[in-house]
Amino acid sequence: MKVAVSSFKFSPGHLSHMIAYAKLFKETGCDVVLWLDEEYKQLVTDHEIPIEWYPQLSSMNFDVVFLANVSMINHLICKKLKKKGTKIIYLYHEPWESFRAYLKEGIKQTLKATVAHHFSVKTLKLSDLVIVPSNYALNLYRRKDIKYNKNVVVIPLLFDDETNGKIDPSKKEFFSYIGHAVKGHAFDLYINLIKYMYKQSVKIKYEVATRIDLSELLKKDKILQKMIEDKVLKISHGKPLTNEEINRAYKMSFCVWNIYRRSTQSGVLPKAYMFGTPVIASNIGSFPEFVLSGKTGQIISIEEIDYGSLIEQLMRIKENIKLYSNHARRFFLRVFHYKSYVKKMQEILQDLQM
């Protein structure tokens, strides 16, 4: 069986999922290629999985195409594939919630979510199977989107193990924000918190790793400038980060920010766990499914953030990092590592062939 793991919209954060799914399909005995938008060329350095670049691909003779994210052309490609008898699997990251939920993040995010949903619906209608990444996402799907496609299963966002087995909890020193610096992920709250901690002389270092350009923020904020000058804050921003750069950030963090305002499943969380890094997360969305308070991190209420209590929890994690790290690592291997889903994917592929 020939399978293409595909992405026709450049999204660096999804590359790890695509590689994991490609290896998962390979484990089931499939002949696998990555079929990617050309923009990914700037990030892909490992060619362990053969790559075809869109739109240069000359042939589309695949038995199964796995769509890793939303794009404005997914449905157009799906129509051509369906004529050839190709089966479509769509990884649907964010089932539609509500206008009210998106408006909390501003008009821009609401418009973005609306457009994404419009094109997702077109893809849902053409898919043979839909995968959602959490039980929370499944509940959202059943409320709004199931009318477009009833064939849906839950599989968490999958990853390969990129650690090479080398994790040293004693070298973890940063409380980090990794990923899109946006309101939905409460980047503003993270910045306010670390500035408060700095002014209170809390003995912690901080790191921000994001593709979002923070130049304007850094130019205006004197406290952040002083934190950088004092070498307690490290910031990488303004360009897509390589997988190696992102992995280094996870590896060196003793805790990663997951106090989001909305999430069907954070891709940051499993990658943190991969590197034995606990998270501090909000009690919304799928976080209660994936965070074991006191073991893999800590759940808090985003509506009632108390700086004093939050700092105590961070210090507790830092002081007990070896224990937290071991729990996070075990959770990753059991729940997010692609090798845990070989049997399930074999069953899925068999069902698609019937």
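Pairs are defined by a Cβ separation below 7 Å, a sequence spacing of at least 6 or placement on different chains, a first member in segment 306-332 that is touching a residue at least 24 places away in the same chain (Cβ under 8 Å), and a second member that is surrounded by fewer than 13 Cβ atoms within 10 Å (Cβ to Cβ); no pair meets this definition. Among what's in segment 103-140 and is of a type in the set (D, E, K, R), open to solvent by 60 Å² or more (accessible area, probe 1.4 Å) and more than 19 Å from the chain's Cα centre (by Cα), pick the residue that is nearest to LYS87 (Cα to Cα). In this case the residue turns out to be LYS125.
Residues that are touching a strand residue (DSSP E or B) at 6+ places or on another chain (Cβ under 8 Å) and polar (S, T, N, Q) do occur in segment 234-244.
ARG330 falls short on exactly one of the conditions (1) over 23 Å from the mean Cα position of the chain (by Cα); (2) surrounded by fewer than 16 Cβ atoms within 10 Å (Cβ to Cβ), and that condition is (1). The listed residues are ILE246, ILE259, ILE317, and the only one of them that is in contact with a Leu (Cβ under 9 Å, 6 or more places away or on another chain) and closer than 21 Å to ILE191 by Cβ turns out to be ILE259.
Only residues that are basic (Lys, Arg) and either out of contact with any helix residue (DSSP H, G or I) (no Cβ under 7 Å at 6 or more places or on another chain) or open to solvent by less than 10 Å² (accessible area, probe 1.4 Å) (or both): list them for segment 276-317, please. Within segment 276-317, just ARG316 meets the criteria. Residues being closer than 20 Å to GLU94 by Cβ and buried (at least 22 other Cβ atoms within 10 Å of the Cβ) are entirely absent from segment 48-65. Taking the residues in segment 213-254 that are closer than 15 Å to PRO12 by Cα and β-branched (Val, Ile, Thr) as candidates, determine which candidate is surrounded by the fewest Cβ atoms within 10 Å (Cβ to Cβ). Looking at residues that are closer than 15 Å to PRO12 by Cα and β-branched (Val, Ile, Thr), I get THR242.
Residue-wise test of (1) out of contact with any Ser or Thr (no Cβ under 8 Å at 6 or more places or on another chain); (2) charged (D, E, K, R); (3) free of Cβ contacts under 8 Å to residues at least 12 places away in the same chain.
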site: MET60; (1), (2), (3): no, no, no
site: VAL70; (1), (2), (3): no, no, no
site: ASN74; (1), (2), (3): no, no, no
site: CYS78; (1), (2), (3): no, no, no
site: LYS87; (1), (2), (3): yes, yes, no
site: LEU91; (1), (2), (3): yes, no, no
site: LYS104; (1), (2), (3): yes, yes, no
site: HIS117; (1), (2), (3): yes, no, no
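Residue-level check: of (1) surrounded by fewer than 15 Cβ atoms within 10 Å (Cβ to Cβ); (2) farther than 24 Å from LYS171 by Cα, LYS322 misses just (2).
Give me the residue from segment 188-212 that is assigned to a loop (DSSP other than H, G, I, E, B) and in contact (Cβ under 8 Å) with a residue 40 or more places away in the chain and, out of that set, least open to solvent (accessible area, probe 1.4 Å).
Checking each candidate, the answer is ILE204.
Residues being in a helix (DSSP H, G or I) and either over 19 Å from TYR341 (Cα atoms) or among the basic types (Lys, Arg) (or both): count how many of those fall in segment 1-48. The qualifying residues number 9. If the condition is being open to solvent by 20 Å² or more (accessible area, probe 1.4 Å) and touching a strand residue (DSSP E or B) at 6+ places or on another chain (Cβ under 9 Å), then segment 164-173 contributes PRO169, GLU173. Limited to segment 10-28, what total is found for residues that are of a type outside the set (Val, Ile, Thr), farther than 14 Å from PHE62 by Cα and touching a residue at least 60 places away in the same chain (Cβ under 8 Å)? Going through segment 10-28 one residue at a time, the tally reaches 11. When restricted to residues that are more than 21 Å from MET227 (Cβ to Cβ) and aliphatic (A, V, I, L, M), segment 165-181 contains 1.
Restricting attention to segment 12-43, the residues that are open to solvent by less than 20 Å² (accessible area, probe 1.4 Å), among the small types (Gly, Ala, Ser) and over 14 Å from PRO270 (Cβ atoms) add up to 1.
The values are calculated or read from the model by the stated rules, or taken from the named source; none is laboratory data. In this text the structure is predicted, and so the values were computed from the model without any measurement. Neighbour counts are summed over all protein chains in view; Cβ atoms, including those assigned to glycine, are modelled from backbone coordinates with ideal geometry. Side chains are part of the model used for accessible areas, which takes the heavy atoms of the whole protein and leaves out ligands, DNA and RNA. Shrake-Rupley method; radii C 1.70, N 1.55, O 1.52, S 1.80 Å.
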